[in-house]
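**Q** To start, I am sharing the structure in question, which I have written as structure tokens.
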Amino acid sequence: MMRTMLGRLFLLWVLPVVVWAQPGGPLGLDVVQGFQSPPRDLPGTILTLINYVLVLVGVLALAYLVYGGFLYITSRGDDTQVEAAKHTLTYAIIGIVVIGIAAALVNFVVVGILNASF
């Protein structure tokens, strides 16, 4: 039963990621006004890599938030478990805020460096 449940969870998690989309064209990214893909030089590649890492860490923080909610729901009124769940939720929210600020700062600084003329 556990194997079946893990298999279904895997399919629900992985299948939406596998999408064969066109990178450009009449309905692609170039339609969105103001969108500029980062240049494919070293700073642009680093920015893209950092953004992927921040998204991954954000997803992990969101999972941690869900885990804290699960702990809170299953605490059944036990004060120590409720406190542990509240700490988990608090740290997850702090983590999400820090990740958001880090993403904004990294994008602001790197885009500023890329657009600077020396």
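The values are calculated or read from the model by the stated rules, or taken from the named source; none is laboratory data. If you're wondering where the values come from, they're calculated on a predicted model, not measured in any experiment. Cβ sites come from the backbone with ideal geometry, for glycine too, and all protein chains shown count toward neighbours.
**Q** Name the residue that is surrounded by the fewest Cβ atoms within 10 Å (Cβ to Cβ), counting only residues in the stretch 100-114 that are of a type in the set (A, V, I, L, M) and in contact (Cβ under 8 Å) with a residue 40 or more places away in the chain.
**A** Only one residue tops the list, namely ILE113.
This table checks each residue for (1) surrounded by fewer than 12 Cβ atoms within 10 Å (Cβ to Cβ); (2) under 16 Å from the mean Cα position of the chain (by Cα).
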{"site": "ILE46", "(1), (2)": "no, no"}
{"site": "ALA61", "(1), (2)": "no, yes"}
{"site": "GLY68", "(1), (2)": "no, no"}
{"site": "LEU71", "(1), (2)": "no, no"}
{"site": "GLY77", "(1), (2)": "yes, no"}
{"site": "ALA84", "(1), (2)": "no, no"}
{"site": "LEU89", "(1), (2)": "no, no"}
{"site": "ILE96", "(1), (2)": "no, yes"}
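**Q** From THR74, THR90, grab the single residue that is at pLDDT 95 or above and either more than 30 Å from ASP41 (Cα to Cα) or not β-branched (Val, Ile, Thr) (or both).
**A** On the way: THR74 fails: at pLDDT 95 or above.
Criteria check complete, one pass: THR90.
**Q** Okay, next question. Note down all Cβ pairs under 7 Å where the first residue falls in the stretch 81-99 and is in contact (Cβ under 8 Å) with a residue 40 or more places away in the chain, the second is assigned to a helix (DSSP H, G or I), and they're at least six residues apart or on different chains.
**A** What qualifies is ILE99/LEU54; ILE99/VAL57; ILE99/GLY58; ILE99/ALA61.
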